[in-house]
Amino acid sequence: MSVNLSARQFQLRDLIQQIAQTLEESGLPPRCLMLEITESVVMDDAPATIITLRELQNLGVRLAIDDFGTGYSSLSYLKRFPVNTLKIDRSFVDGLGSDVEDSSIVNAIVTLSNSLGMGVTAEGIETGEQLQQLQGMLCDHGQGFFFARPLPAAEISALL
């Protein structure tokens, strides 16, 4: 299960306790929870962010930097952040096959992720051509309308 954390949520003093309590109450194994934090939130106060990310990681949850490539991240911080996955912003995926620069950026992010031992997820996949290109780049995961449109909770079981 993936959950996006807003900047406001990420700054809550009791965030770690809230997540630990929610995991306990729900019975969800921590490894099954991926918390997604946008690149801009991660870079806001990098030293404090590293501490929070390590505490979250100590709970056993997985961490992703969402919308990667759209902010002002520093590669020196990226290697210090304890994250599991980079999520490539849909604005780059949209240009696959038609924009050489977008294709180069996506390929670079996939290569970077793989080199650092991180997973990588492409957001906004809408065509089979985009999926084929991403698979050729060794992108781990993808999401987008190509796979399914948003569904009410009651219909998800049938899809799965």
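The values are calculated or read from the model by the stated rules, or taken from the named source; none is laboratory data. Given the structure is predicted, the values throughout are model-derived calculations rather than measurements. Glycine gets a Cβ as well: all are built from the backbone with ideal geometry, and neighbour counts include every protein chain shown.
Quick notes on this one:
- Within region 1-49, considering residues that are acidic (D, E) and under 19 Å from D66 (Cα atoms), the one farthest from the chain's Cα centre (by Cα): D45
- Of the candidates G95, G119, the single residue that is among the small types (G, A, S), under 15 Å from the mean Cα position of the chain (by Cα) and more than 22 Å from P150 (Cβ to Cβ) is G119.
- The set of residues in region 98-109 being in contact with a helix residue (DSSP H, G or I) (Cβ under 8 Å, 6 or more places away or on another chain) and more than 25 Å from R149 (Cβ to Cβ) consists of S103, I105, I109.
- Test: P47 is in contact with a Leu (Cβ under 8 Å, 6 or more places away or on another chain), of a type outside the set (A, V, I, L, M, F, W, C) and over 30 Å from G128 (Cβ atoms): no
- Across region 49-65, the number of residues qualifying as exposed (fewer than 15 other Cβ atoms within 10 Å of the Cβ) and in a loop (DSSP other than H, G, I, E, B) comes to 1.
- Candidates S76, S26, S113, S91: the one that is modelled with pLDDT under 95, under 30 Å from G136 (Cβ atoms), among the polar types (S, T, N, Q) and exposed (fewer than 13 other Cβ atoms within 10 Å of the Cβ) is S76.
- Taken over region 24-48, the criterion of being in contact with a Phe, Trp or Tyr (Cβ under 7 Å, 6 or more places away or on another chain) and part of a helix (DSSP H, G or I) is satisfied by E39, V41, V42, M43, A46.
- Search result, residues across region 125-156 that are small (G, A, S) and buried (at least 19 other Cβ atoms within 10 Å of the Cβ): G142
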